[in-house]
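Participant: Below you'll find the structure I mean.
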Amino acid sequence: MRNHAIHNTIEIRTTEFSDQYSLNWVDKEGYASEHICFVFGLDNAIRVSRGIAHDQCEYITYPAFNPGEVAE
């Protein structure tokens, strides 16, 4: 990873749409967010973020569970 990089984390966030996730670059405090892309499915979002993160960032953060699988 480059020493001058601002972003060291890819964050996977839920969106208001069912089963859609937003991938964002964020700094170590969780700020300075820059949008990367939208992905459908939590497993796909994790897979895509791992591919992007390879040799480019230190961490990936994501929800502990798929919100669509929780009974209301």
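The values are calculated or read from the model by the stated rules, or taken from the named source; none is laboratory data. Remember, predicted model here, so these are calculated numbers, not experimental data. For neighbour counting, all protein chains shown are included, and Cβ atoms are generated from backbone atoms with ideal geometry for every residue, glycine included.
Participant: Take segment 14-27 and flag every residue that is surrounded by fewer than 17 Cβ atoms within 10 Å (Cβ to Cβ) and touching a residue at least 24 places away in the same chain (Cβ under 8 Å).
Facilitator: 18, 19
Participant: Moving on to the next point. Can you confirm whether residue 46 is surrounded by 12 or more Cβ atoms within 10 Å (Cβ to Cβ), in contact with a Ser or Thr (Cβ under 7 Å, 6 or more places away or on another chain) and among the hydrophobic types (A, V, I, L, M, F, W, C)?
Facilitator: Judged against the criteria, residue 46 is not a match.
Participant: Another question, if that's okay. Could you grab me the full set of residues in segment 57-72 that are modelled with pLDDT of 75 or more and either closer than 14 Å to residue 22 by Cα or charged (D, E, K, R) (or both)?
Facilitator: 58, 60, 61, 62, 63
Participant: Among (1) modelled with pLDDT under 85; (2) part of a loop (DSSP other than H, G, I, E, B); (3) not charged (D, E, K, R), there is one condition residue 17 misses while meeting the rest; what is its number?
Facilitator: Answer for residue 17: the failing condition is (1).
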